[in-house]
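**Student:** Questions regarding the structure given below will be posed in turn.
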Ligand SMILES: *Cc1c(COP(=O)(O)O)cnc(C)c1O
């Protein structure tokens, strides 16, 4: 069994994707160009944002966003303890100082802990809609406004998710996306984008990501571009994203219906008002590592997203954080396990996963 089967998805769209690739080759628009412009418009529309600036990957989208927001040396930016390292490393790359806040019980950053971490040097907050479940973006946006901070939403795992009826990405100053192949909207290589409703931020980001403006160079920038092949492929896939999202939700509900009575595990909790897009289906499990071994022996792959919360990784050990500083993130890292889930997954395969989990815990 596969954790994610990207080839299965390609086969469902083979003709459309092959035609899109051929079109890019025939027009030789390999870097930026009409396919990239078309995708930026498509994606802005899909996410209900005024502007979309594409770039090389989701990590550089975060870096470009932080530079567009004016992060400079010594500025503190508060980020979740439990996320992928792009969220924090880009703060350091921009010259800022990473300040971690603990997670809440939905794997989002806890607004109460964020508020405790605000100092006179704090410039902004990054929230992450981890696993596809919106974090408490409304509370974070309110905090940011109250303290005069920026708020960035890392939407790398949450394309098309919503909170209180509004799309993720619409709560903050900038939203960043990744199109890494296995993300809910994935390219056949790297890709990323930021969206915003601010013309000034969009203009800066576009200049900064293209060497400070082609021919003009009004400033030094970086080289962070989406290529034509990825853009053309993404435009094709974007047309199917809401169908795939529905399929993910059906599969997630099937898992939850058939696992929720097991006392030794907890199925994903839903935040009130949130529309989860299930980038990952993450349960909390007793004897988690033994469960993973048991499943692996039966050809069922699982993943840990992520095995260590950021403050406890070698990259940050010099700061001397202990588990007591981030109790919920510390607890989560020992319990979480991601089960296989992707739109093309068969119900038969899913039933097999359920059966083996039940047999591990001695149920039936
Ligand atoms: C995937 C991911 C990123 C980075 O995206 P890349 O395209 O791999 O650079 C950033 N943040 C989160 C939460 C992610 O899951």
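**Student:** What are the residues in segment 267-294 that are closer than 23 Å to residue 181 by Cα and part of a loop (DSSP other than H, G, I, E, B), if any?
**Tutor:** 276, 277, 278, 279, 280, listed by residue number.
**Student:** Of the residues 160, 140, 149, which single one is surrounded by fewer than 24 Cβ atoms within 10 Å (Cβ to Cβ) and free of Cβ contacts under 8 Å to residues at least 40 places away in the same chain?
**Tutor:** 149
**Student:** Taking only segment 295-325 into account, find how many residues are in contact (Cβ under 8 Å) with a residue 60 or more places away in the chain and in a loop (DSSP other than H, G, I, E, B).
**Tutor:** Matching residues across segment 295-325 total 9.
**Student:** Is it the case that residue 85 is in contact with a strand residue (DSSP E or B) (Cβ under 9 Å, 6 or more places away or on another chain), within 14 Å of the ligand (Cβ to nearest atom) and in contact (Cβ under 8 Å) with a residue 24 or more places away in the chain?
**Tutor:** No, not satisfied.
**Student:** Return the total of residues in segment 11-24 being touching a residue at least 24 places away in the same chain (Cβ under 8 Å) and in a helix (DSSP H, G or I).
**Tutor:** Residues meeting the conditions: 7.
**Student:** Search segment 33-77 for residues being closer than 12 Å to residue 191 by Cβ and assigned to a loop (DSSP other than H, G, I, E, B), and hand back the single one that is nearest to the ligand (Cβ to nearest atom).
**Tutor:** The selected residue is 57.
**Student:** Of the residues that make up segment 225-234, is at least one within 15 Å of the ligand (Cβ to nearest atom), touching a helix residue (DSSP H, G or I) at 6+ places or on another chain (Cβ under 9 Å) and in a loop (DSSP other than H, G, I, E, B)?
**Tutor:** Yes, some residue in segment 225-234 is within 15 Å of the ligand (Cβ to nearest atom), touching a helix residue (DSSP H, G or I) at 6+ places or on another chain (Cβ under 9 Å) and in a loop (DSSP other than H, G, I, E, B).
**Student:** Moving on. Report whether or not residue 222 is away from the ligand (no atom under 13 Å from the Cβ), more than 14 Å from the chain's Cα centre (by Cα) and at pLDDT below 95.
**Tutor:** So residue 222 fails the test.
**Student:** Which residues, taken from segment 200-224, are free of Cβ contacts under 8 Å to residues at least 60 places away in the same chain and assigned to a loop (DSSP other than H, G, I, E, B)?
**Tutor:** Once the filter is applied, which keeps residues that are free of Cβ contacts under 8 Å to residues at least 60 places away in the same chain and assigned to a loop (DSSP other than H, G, I, E, B), segment 200-224 yields 211, 212, 213, 214, 215, 216, 217, 218, 219, 220, 221.
**Student:** Within the bounds of segment 346-358, is there any residue that is assigned to a helix (DSSP H, G or I), in contact (Cβ under 8 Å) with a residue 12 or more places away in the chain and under 19 Å from residue 117 (Cβ atoms)?
**Tutor:** No, because not a single residue in segment 346-358 is assigned to a helix (DSSP H, G or I), in contact (Cβ under 8 Å) with a residue 12 or more places away in the chain and under 19 Å from residue 117 (Cβ atoms).
The values are calculated or read from the model by the stated rules, or taken from the named source; none is laboratory data. Since we're looking at a predicted model, the values are computed, not measured. Positions of Cβ are generated from backbone atoms using ideal geometry, with glycine treated the same way; all protein chains shown enter the neighbour counts.
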